[in-house]
Every structure is written in structure tokens, then in C-alpha cells.
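Structure first, then comments.
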Amino acid sequence: MLLPRHSSSSLAACAPAVLKKNKNKRNRRLVLRTASVELLGVQMRWFGFGFNAFGQICVQEKSGRGESSSAPHQVKISHPAELSSHVDRSRCCLKTSQIRVSWSRRASLHLEGDSCLSLAGFGESVSSEDCGISKIESRGCKDLFISESHLTLAFPDRIETWDLQKREKSPSWSMDIKTDAEGSDVNLPLVPGGYIALKPPFYCTLPGHLKARSLALGAEHAVLLTATGAVYSWGLGSHGQLGHGGLTSEEEPRVVEALWGMPMTHVATGGWHSACISGKCQIKIWTSYNQFEKDLKRIFLFLDGGDLYVWGWNESGQLGLPSRGLRKSQQKTSQQTGELCCDTSTPPDEKLKEEEEHEDVFISIQAFPALLDVSSSCEIRAVSCGSRHTAAVTTTGDLYTWGWGEYGQLGHQTVTSSDEPQRVEFFRAEQMRVLDVVCGTWNTFAAAVKEEVACAENSTKCTC
């Protein structure tokens, strides 16, 4: 059976399916349901790097008196830093299953037990209680979606949106959902019949014929993936981020014709650019739940990847294509700092002049989807987009990043930008495999496991 991924940035998008008995069906048939990373039974660790002015990545350590230090947070973190664990009221350490981020906040979902969430970032919120959402009220939450001003939670029977600025004790908006309807599972920001917008009015309808599987919301545009693998986009198109070949905006979902006929499994949006992955995940159907549990880890490792397509604005190299603006900026910085150009045989001024004479090699706006070759040895399993940077995970567990790197969000231990995909060597050095990646506006978060854990259930030789 072919089952496309259906989450814009979480590992649930490419995790194997979990068999669950459907009590509402007469024959109690086994059905497929998206799995959380925690069901793999491995110790997953989350790392973050990039913009940290509000403590989204590293929270300021407390003094001996238990008070937070008055020193400001380290604004730029250019190397992956492991996120601290959250502890519940019984002092048990909670595993993070899912992360969602906005510009100043990070929301973590813990699916163990009754499940709950925690927040970090603006306002020094280190737990969900600090923003007016108690862990009891978030208990049972299965998915979440965060913007700079609102937090949306998905429960089995309802959707709630909380105003993070007013810090109220009750949600500012909510809607009931049917749990017994086939295909009613929520994959935020998608909800039955539509999706949740970044700002009021929150609920927006979608044409029923689209049969949406996942939706990625950019700064002012949206990219939708249907159940058949087709890609639709709408919203602001001034930087080619809709992929229709022009710079005009679209009020209604319009199919990206350049991708028609090539089923996609994953979509992502940044500030003014978009990306998607082709291919399909091969999912095995089990007749025995015990056999499924036995095969779970092994099947996950063999999920197929695909080709990566990108389009939109490339001023900072976020598409991984040659950027004239980025090259000029780097050349100017090199002159100011007195650094020598890599090619010492040609003076910097003359080299830039030669490049300008062949200006067709530079791409400022890519209005059609372009195939990006991130790695010649493997395919892409997951992709996520920040405001002006992009990150992708390969089928071999490597993390590649490119684009704007002013805050260290590329993870290369520098604040240098790049228009070429580069591997984040930290995870290789630590002998870890990356499973998932989530980009914030100016930062990046990655989930990884030790290589020996990832390879433990692999019956064939691991290509590490």
C-alpha cells in the first residue's frame, strides 16, 4: 500500500503507520493511523540553534537562590544545543514528541501518558502554566500549531485557540469536531472542512474536492498537499512563492501545474519561498498487531525519500540556488574584514565583475518549482523552511541547511549565509542520525538518535 506523508514539518509526516482497531466498524478492521516518534521506542533528543533572544533554545540558568539570572540570553547559537527536558508535577521527565515554533516562542508536545504541552520563549515561559494554559487543560492534546500571537490545540473532540498575549484562562475560540467520522483525524493547521489561519478569523473553509492531507502556512501564502499528492497554493505571490510561473497573487487554491503528474509527499513554506518532496512511502499492511510491533522500528528506517523541489525568493540563497545578492554581501564583508578570497589568483572585484557578466547564473526569484540536488548519494526524507533559510533531512540521517545564517540557524558554528546546501557536521561527529527538522523564523530544531539505536533493528548493513 502506498501512503503519502502528511505533515508539514513533524516526523509524523514520514513515520510508519500504527495499526489500531477501529471499534466503530462492524468488522473491527485494522486501520492505519499516523505514528508519533515516541512509538518507535527510541530515545529521541531535540537540538536547537539560531535565534535565542527569548530563550526559545537555551533558558537562562537559575542562581543558587532559584531566581533567574538577570543576564540576557545568548542571542545567537551557531552550533546545535540540546534542549532541556521538561518535568511534570510528579518530577517525571517528559519526552518531547513534537515541536512547533514561531518567531519568539517554542511549543513542545509530550504525548506520554495523557499528553500535555509546554512553552518556552517570550515572557520567559518555561511551562504551559506561565501563559494561562495549565497542564490539566492541555492534557489530552494530540496536535498543536503556534503563531506569534495564538496557540491552537487539537483534542479528540475539539479545537481550541488561545490568545498568548492576553493570557486568559479560557480559549479565545473553539470548535467541536466529530471523532466518529471517517477521515476526521486532525493534522493542524488542517481541521475538518478547512484550516486554522495565523490570525482572526481563525477558521477558513477549503473546497471539499481538494481532499487536503497537509497544509503549510507561510508569512502570507499557503501550500496544500492533497490525498493524491497534488500541490495547490494561494496567497501573496510577489516573490514567486506560489510556483505558478508569475508574481501575481491568488485568492483561491490553484494547482501548481509544473508538479502535476508527480505525486508529492511533503510540503513546506517559509517567509517567501516554498518546498516539497516527491515520492511515496512504502507501508506494509499487517494482519497481526504483535507482528506490527516487532517490525515497527525496522520498517521506519526503510521509508523512502524523494526529490526536493524549491521555488520563490532566493535573495539569501534559501532555495540553494546561486544568489547574486548573497555573493555581493559576502564579497563586501570579505573586503571590510580584509579576508582573502578563496581564489587568490583573481582579485575579488574582478571575480565579482566576471560573475556579473554571466548574470544568468544568478537567481533572485524562481517562480517555477526547481529540482534541487542536495546530496548525490541519497534522497530527502523531510524538509522545513524558515523565514529565509531551509533545512532538509536525508534518508541516511544527515541534516543539510542553507540560506540566511545571520543568527547561526544553519548550525555550522558560524553566522555565515550560504546558497549551497551544507551538511551539519555536528550530528556526524556525535554519531547521531537526524530524524526530523523544524525551522522557526530565524532558528532550527532537529530531532536525532544515536546511530547504534537507529541501526539496532536494521537486518541489513547500515549505510552510515
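The values are calculated or read from the model by the stated rules, or taken from the named source; none is laboratory data. All values reported here derive from a predicted model rather than from experimental measurement. Every residue, glycine as well, gets a Cβ built from its backbone with ideal geometry; the counts of neighbours run over all protein chains shown. Just the protein is used for accessible areas: all its heavy atoms, side chains included, with ligands, DNA and RNA removed. Shrake-Rupley method; radii C 1.70, N 1.55, O 1.52, S 1.80 Å.
Here are the numbers for the structure shown:
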{"quantity": "Options Gly403, Gly397: the member that is surrounded by fewer than 24 Cβ atoms within 10 Å (Cβ to Cβ), touching a residue at least 12 places away in the same chain (Cβ under 8 Å) and within 17 Å of the chain's Cα centre (by Cα)", "calculated": "Gly397"}
{"quantity": "Matching residues in the stretch 104-119 - criterion: being touching a helix residue (DSSP H, G or I) at 6+ places or on another chain (Cβ under 6 Å), open to solvent by 10 Å² or more (accessible area, probe 1.4 Å) and assigned to a strand (DSSP E or B)", "calculated": "Cys116"}
{"quantity": "So Asp176, is it open to solvent by 50 Å² or more (accessible area, probe 1.4 Å) and out of contact with any helix residue (DSSP H, G or I) (no Cβ under 9 Å at 6 or more places or on another chain)", "calculated": "yes"}
{"quantity": "Residue satisfying all of: in the stretch 264-283; assigned to a loop (DSSP other than H, G, I, E, B) and modelled with pLDDT of 95 or more; nearest to Leu236 (Cα to Cα) among these", "calculated": "Trp272"}
{"quantity": "Cβ-Cβ under 6 Å pairs, at least 6 apart or on other chains, the stretch 180-191 side at negative phi, far side at pLDDT 65 or above and in a loop (DSSP other than H, G, I, E, B)", "calculated": "Ser184/Lys178; Ser184/Pro192"}
{"quantity": "Members of the stretch 418-432 that are closer than 19 Å to Tyr407 by Cβ and among the small types (Gly, Ala, Ser)", "calculated": "Ser418"}
{"quantity": "Criterion: farther than 22 Å from Val383 by Cα, in contact (Cβ under 8 Å) with a residue 12 or more places away in the chain, under 23 Å from the mean Cα position of the chain (by Cα) and surrounded by 13 or more Cβ atoms within 10 Å (Cβ to Cβ) - qualifying residue of Gly194, Gly229", "calculated": "Gly194"}
{"quantity": "Enumeration of residues in the stretch 359-394 that are open to solvent by 40 Å² or more (accessible area, probe 1.4 Å) and within 23 Å of Ser214 (Cα to Cα)", "calculated": "Phe368, Leu371, Glu379, Arg388"}
{"quantity": "Elements of type strands (runs of 3 or more DSSP E) contained in the stretch 148-242, each with 3 or more residues being under 27 Å from Arg388 (Cβ atoms)", "calculated": "150-154, 212-217, 221-226, 231-235"}
{"quantity": "Every residue from the stretch 67-101 that is surrounded by fewer than 15 Cβ atoms within 10 Å (Cβ to Cβ), closer than 29 Å to Asp114 by Cα, modelled with pLDDT under 65 and not β-branched (Val, Ile, Thr)", "calculated": "Arg89, Ser90, Arg91, Cys92"}
{"quantity": "In the stretch 378-398, the residues that are among the polar types (S, T, N, Q) and in contact with a strand residue (DSSP E or B) (Cβ under 8 Å, 6 or more places away or on another chain)", "calculated": "Ser384, Thr390, Thr394, Thr395, Thr396"}
{"quantity": "Count of residues meeting criterion [in contact (Cβ under 8 Å) with a residue 40 or more places away in the chain and within 18 Å of the chain's Cα centre (by Cα)] in the stretch 151-164", "calculated": "2"}
{"quantity": "Output for the stretch 429-447, where each listed residue is open to solvent by 60 Å² or more (accessible area, probe 1.4 Å) and either under 20 Å from Asp373 (Cα atoms) or in contact with a helix residue (DSSP H, G or I) (Cβ under 8 Å, 6 or more places away or on another chain) (or both)", "calculated": "Gln431"}
{"quantity": "Per-region count, the stretch 203-233, residues under 28 Å from Ser316 (Cβ atoms) and in contact with a Leu (Cβ under 7 Å, 6 or more places away or on another chain)", "calculated": "10"}
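Residues are listed down the side, and each one gets a yes or a no for (1) at pLDDT 90 or above; (2) open to solvent by less than 30 Å² (accessible area, probe 1.4 Å); (3) over 27 Å from Ala230 (Cα atoms):
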{"position": "Glu137", "(1), (2), (3)": "no, no, yes"}
{"position": "Asp143", "(1), (2), (3)": "yes, yes, no"}
{"position": "Thr152", "(1), (2), (3)": "yes, yes, no"}
{"position": "Thr161", "(1), (2), (3)": "yes, yes, yes"}
{"position": "Lys169", "(1), (2), (3)": "no, no, yes"}
{"position": "Ser172", "(1), (2), (3)": "yes, no, yes"}
